[in-house]
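J.: So that we are looking at the same thing, I have put the structure below in structure tokens.
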Amino acid sequence: MSRTSLNRSDAEVLLHTLIRREVARAASGNRWVSRKEQRGLPAALDAMAEQLRREAGPGSRLRADDLVERAAQELTTAFGTQANTIRAWFESFDFVNRRFSEESLPEGKRVDARSGQPGRRRVPTPVREAFDYYYRAERADIASVSLHRGRLAGRDLWAVYVSNDGNQQALEVLDPSGATLEGATLLEGELLGWDTFPRQVRLAAWLLALDPPAFEDGLSEPDERAAAGQVPLDWTDAEGMVEIGTLRGVSDLLVVMELSGPLSSGNRERVYAAFSYLWSVHLTHRAEKGVTPLQGNGVLRYGTFRRPTTGVTYWVADWRDIDDGSYVLYFSGEASRPVLSIVQFDN
């Protein structure tokens, strides 16, 4: 009997699909995975789930999609993503003089995934969710967004491409299971850099601004700050602190965050989102040749904080600047999709 071989790309897609199916089975199709449901997972997935809970902190809830994403990342690392080939193709594409939104991927085409369009039904749910995240910018009339399906490096791929009115672009490449393979930031068609963690590109300041934050002035007196429900100036209960590292960017786009020590996955996304905002409004002006060192410019403290005036708990990034650029940023939402809810200017 002849034996049919399965190439690596197809094997990865199959395993990603099985992981998603296994998590959905344990969670009964729900968005969240309880601890009781978690015990019904295979040992490897149970261990990953427990690690995600530890990273998110005490009392945190586990989102099914976050577990699938982590498992997909581990799987991608184990198999090798052929990332160099994928990156090389996009790096060779002339985004300045050619229109990717029209030309699409190799062996591919553009797919209309807007609500109400027939093509939307044929888009895998996780890929559709990625498209919807970016499509908010087109609905806000500040960008154009396109979804593409094609084949590259021997595997089926999806890509979301976004270009805003300021000629800033975002690119996210996904596999059919919805796992993010690559992300990139572009300006005027020039590829500035690749993501250092999945979905980093979604945390660009202009995308965060699609959920407009409230703005308030920080108060200087301790009793006034307490009465207003603001983080105290001597915030001793902060979970962690970032004071050594480097930010790299172009114009108001942060591209790379290099820190002296590791962050848990939940804090990593939120700290990056905080620096993305701070870069766009302040730290870009401190940059020399696109580089701003943290040391000598300020300290970022972070952690959860419950505002006594409202009873709402936020994840907070408290930037203490050496000059007149101190901010307190209050984030809501899930760790994988932080929402900047309040911007407090502290000078």
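The values are calculated or read from the model by the stated rules, or taken from the named source; none is laboratory data. Predicted, not measured: the structure shown is a model, and the values here were computed from it. So basically every Cβ, Gly included, is an ideal-geometry build from the backbone, and we count neighbours across all protein chains shown.
J.: Can you name the residue in the stretch 259-277 that is in a helix (DSSP H, G or I) and touching an Asp or Glu at 6+ places or on another chain (Cβ under 8 Å) and is also modelled with the lowest pLDDT among such residues? Can you show your working first?
T.: The initial filter retains those residues of the stretch 259-277 that are in a helix (DSSP H, G or I), namely 265-277.
If we keep only those that are touching an Asp or Glu at 6+ places or on another chain (Cβ under 8 Å) as well, we get 265-267.
Values: Ser265: 72, Gly266: 80, Asn267: 93.
Looking at the filtered set, the residue picked out is Ser265.
J.: Moving to a separate point now. Which condition from (1) out of contact with any helix residue (DSSP H, G or I) (no Cβ under 9 Å at 6 or more places or on another chain); (2) at pLDDT 95 or above; (3) not acidic (Asp, Glu) is the one that Thr236 breaks?
T.: (2) is the only condition that Thr236 fails.
J.: In addition: Against the condition buried (at least 18 other Cβ atoms within 10 Å of the Cβ) and within 27 Å of Arg98 (Cβ to Cβ), how does Val255 come out, does it pass?
T.: Details: buried (at least 18 other Cβ atoms within 10 Å of the Cβ): yes; within 27 Å of Arg98 (Cβ to Cβ): yes.
So Val255 passes the test.
J.: Between a residue in the stretch 145-169 that is over 26 Å from Gly249 (Cα atoms) and any residue that is of a type in the set (Asp, Glu) and assigned to a strand (DSSP E or B), which pairs come within a Cβ distance under 9 Å, given they are 6 or more apart or on different chains?
T.: Arg149/Asp156; Gly150/Asp156; Trp158/Glu172
J.: What's the number of the only condition in (1) in a strand (DSSP E or B); (2) exposed (fewer than 13 other Cβ atoms within 10 Å of the Cβ); (3) not β-branched (Val, Ile, Thr) that Asp156 fails to meet?
T.: Looking at each condition in turn, Asp156 falls short on (2).
J.: Turning to a different aspect of this structure: Only residues that are under 28 Å from the mean Cα position of the chain (by Cα) and either assigned to a strand (DSSP E or B) or not β-branched (Val, Ile, Thr) (or both): list them for the stretch 224-240, please.
T.: Answer for the stretch 224-240, where residues must be under 28 Å from the mean Cα position of the chain (by Cα) and either assigned to a strand (DSSP E or B) or not β-branched (Val, Ile, Thr) (or both): Gln230, Trp235, Asp237, Ala238, Glu239, Gly240.
J.: Return the pairs, sorted by first residue and then second, in which the second residue is among the polar types (S, T, N, Q) and assigned to a helix (DSSP H, G or I), the first residue lies in the stretch 98-110 and is surrounded by 13 or more Cβ atoms within 10 Å (Cβ to Cβ), the beta carbons are less than 9 Å apart, and the residues are 6+ apart or on different chains.
T.: Qualifying pairs under 9 Å: Arg110/Ser101.
J.: Let me ask something else. Checking Asp132 against (1) part of a helix (DSSP H, G or I); (2) closer than 23 Å to Leu203 by Cα; (3) of a type outside the set (Phe, Trp, Tyr); (4) touching a residue at least 24 places away in the same chain (Cβ under 8 Å), which test does it fail?
T.: Condition not satisfied by Asp132: (4).
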